[in-house]
Amino acid sequence: MNDFDLLTAQCSWLERESADIGRPVPHQPVDLPGMPVMAGLFSTATVTPVRFDGVEHEILAWGPPADRRGWLCRLPWQDDDADVPEALRAVRAVTGGIVEHFGAVTDSWWWLDCGDVLTREASGRPVEETLGAYEWIWADEGLRIPIEAADYVTVAAEANGNLTLAHRRTGEVVWFAPDHSETGVTVLPGCPEYSLYTFDGAPDLASWVEVGATQWARN
């Protein structure tokens, strides 16, 4: 099976869309300052261009035929928005973000349940609206939301509504997770359980990307 077949076998909903598949080629070496593991994944990937219902994507894949794994990504683009973290702009010059994956991953992979990781669509998720709808979580404890929602951009969105947010200027990462059973996260000061968290060992976007890439590379 080729990488397209492996992807659609695991992501059966893609079989309903018309697809035009290009020729697999090696990815060009990339440089992501502060994110060497992520850069290494891309630099060693096989790239298969694919168009689903007229929308351009890339399948990035690694490993031998018996243990093949990969991501379905949007195309890279030049994000000149100075109001998003520098690390996000750097990543987007290499990939438009991950929308599906295939192959053996474990539940420890932070991005496992995310439908949009580092994508333009994720960035369009309204942080103020989402946190505002859950303000009662803090109010019930006599607290106020301790962050300014407008200062954050969404960098990953999960099917259950959990959002990973990055501070637009500092790149600080927090996780809004009213529905989770994860370990390796710490409640943000001034917050109750099942609200805002920090990721242990990944305080900013670059380190969060690196941990996600490392989790993938271990599988």
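The values are calculated or read from the model by the stated rules, or taken from the named source; none is laboratory data. Just so we're clear, the structure is a prediction, and the values are computed from it rather than from any experiment. Using ideal geometry, Cβ is built from the backbone for each residue, glycine included, and neighbour counts are taken over all protein chains shown. Please note that ligands, DNA and RNA were not included when accessible areas were found on the heavy atoms of the full protein model with its side chains. Shrake-Rupley method; radii C 1.70, N 1.55, O 1.52, S 1.80 Å.
The sole residue among Thr214, Thr154, Thr119, Thr198 that is open to solvent by less than 50 Å² (accessible area, probe 1.4 Å), under 26 Å from Ser43 (Cβ atoms) and at pLDDT 95 or above is Thr119.
When Glu193, Glu182, Glu172 are checked against the criterion of being within 17 Å of the chain's Cα centre (by Cα), open to solvent by 40 Å² or more (accessible area, probe 1.4 Å) and over 28 Å from Ala82 (Cβ atoms), a single residue qualifies: Glu182. Counting only helices (runs of 4 or more DSSP H) that sit completely within the stretch 1-95, those holding 2 or more residues that are closer than 23 Å to Val153 by Cβ and open to solvent by less than 60 Å² (accessible area, probe 1.4 Å) correspond to 36-43, 86-92.
Checking each residue in the stretch 122-156 for being farther than 16 Å from Leu188 by Cα, among the acidic types (Asp, Glu) and free of Cβ contacts under 8 Å to residues at least 12 places away in the same chain picks out only Glu129. The set of residues in the stretch 185-196 that are in contact (Cβ under 8 Å) with a residue 24 or more places away in the chain and over 16 Å from Glu135 (Cβ atoms) contains only Pro189.
Within the stretch 122-150, the set of residues being open to solvent by 30 Å² or more (accessible area, probe 1.4 Å) and touching a Cys at 6+ places or on another chain (Cβ under 9 Å) comprises Glu141, Leu143, Ile145, Pro146. Give Asp31, Asp83, Asp79 a once-over and let me know the one that is among the charged types (D, E, K, R), under 18 Å from the mean Cα position of the chain (by Cα) and within 27 Å of Ala166 (Cβ to Cβ). Selected residue: Asp79, the only one of Asp31, Asp83, Asp79 that is among the charged types (D, E, K, R), under 18 Å from the mean Cα position of the chain (by Cα) and within 27 Å of Ala166 (Cβ to Cβ).
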